[in-house]
1. Please name all residue pairs, on different chains or six or more residues apart, with Cβ atoms under 6 Å, provided the first residue is in the stretch 147-170 and is part of a loop (DSSP other than H, G, I, E, B) and the second residue is charged (D, E, K, R).
2. Within the stretch 255-270, is even one residue in a strand (DSSP E or B) and without any contact (Cβ under 8 Å) to a residue 40 or more places away in the chain?
3. Does GLU109 satisfy being out of contact with any Pro (no Cβ under 9 Å at 6 or more places or on another chain), outside the structural domain of GLY247 (by TED's automatic domain parsing), of a type in the set (Asp, Glu) and modelled with pLDDT of 65 or more?
4. Can you pull out every residue in the stretch 216-272 that is within 18 Å of ILE201 (Cα to Cα), of a type in the set (Gly, Ala, Ser) and buried (at least 18 other Cβ atoms within 10 Å of the Cβ)?
5. Considering the stretch 175-216 alone, what residues qualify as being part of a loop (DSSP other than H, G, I, E, B) and in contact with a strand residue (DSSP E or B) (Cβ under 6 Å, 6 or more places away or on another chain)?
6. Does any residue in the stretch 189-204 that is of a type in the set (Gly, Ala, Ser) come within less than 6 Å, Cβ to Cβ, of a residue that is part of a loop (DSSP other than H, G, I, E, B) six or more places away or on a different chain, and which pairs are these?
7. Quick test for you: out of VAL199, VAL205, pick the one residue that is touching a Ser or Thr at 6+ places or on another chain (Cβ under 6 Å) and surrounded by 23 or more Cβ atoms within 10 Å (Cβ to Cβ).
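The values are calculated or read from the model by the stated rules, or taken from the named source; none is laboratory data. The structure displayed is predicted, hence computed values, not measured ones. Please note: Cβ atoms are built from the backbone with ideal geometry, for glycine as well, and neighbour counts cover all protein chains shown.
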Amino acid sequence: MAADIAKPDTTSEQRTPAKRGAKPRTRNVKPMRTVAIFAAVGALVAAVALPAYAATSTPATAAATSLRQAAVDDAQSLVVASEATAAPIARGDYSATTPEEIAKAKAEEAAKKRAAAAAAARVSSSGGSVSDADLQLVAAGSGEVRYPLPAGSYTVSRTLSSGHNGADMAGPSGTPIFAATSGRVRVSSESYYGYGVAVVIDGVVGGKRVSTLYAHMINGSRGVSAGQTVSAGQFIGKRGNTGRSYGSHLHFEVEINGSLVEPIAWLRANAG
């Protein structure tokens, strides 16, 4: 009977004996450890990446700041997004804004300078004293006959005589010479016998054939060519000292119907 008496079950108490005052175990240790590991990795990545990012972004920021500062400091600078650097454009020189306009403006300016230098060289080499602007003048008057030289620019040093077929009108080299009559240029030469640089014009005045000759002009100064039609008072060349000449003067001859006449008297009677 004693063997059949049921004994209390103490198995559970033996497996998990209760201790007085002991704290229960926690189950969140592993999650916290994982968070800590990720935080450490993130800090390491930030420590490596941020200096590199700063190194690559700083020049771009500095460059943008420099361009803005340049635009403020010099409003006349041209900044081109290419291999070229900023090119200053002077306000007084050009108003162009594109590379094509700037190139065109520079070319025009260079052409003007070359033309001015060439004109100065022509006057200097010939000993002339008259500027190219004076060549735009026309002889005074509006009649069929004009004086071949401007008033007050000459003195008559010699006139028609035996062995001399015209009048010598002396004065400064380079003075413009004008056609005394309208007509057709028969001769325009750099070397016309003893006349040197000379022009001959055939025209009609008052129903009569009139030929006028202009001699001893400056080399290269002729403004007309053979076969060309000219008007009375038109520029034809510059007074000089070429050919058989002994000083700057215009040798001027007049023929009417093939006969020589005294040029100065003829001018006084007909020019107007």
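1. From the stretch 147-170, the pairs are LEU160/GLU262; ASN165/GLU253; GLY166/GLU253.
2. yes
3. Working: out of contact with any Pro (no Cβ under 9 Å at 6 or more places or on another chain): yes; outside the structural domain of GLY247 (by TED's automatic domain parsing): yes; of a type in the set (Asp, Glu): yes; modelled with pLDDT of 65 or more: yes.
So GLU109 fits the description; yes.
4. Within the stretch 216-272, SER221, GLY223, ALA232, GLY233, GLY237, ALA271 meet the criteria.
5. Looking only at the stretch 175-216, we keep the residues that are part of a loop (DSSP other than H, G, I, E, B), and these are 175, 179-182, 190-192, 196, 206-207.
Result: THR175, ALA179, ALA180, THR181, SER182, GLU190, TYR192, GLY196.
6. That search, which allows pairs on different chains as well, returns GLY194/GLY243; GLY194/ARG244; GLY196/THR242; GLY196/GLY243; ALA198/TYR192; GLY203/THR181; GLY203/SER182.
7. Exactly one residue qualifies, and that residue is VAL199.
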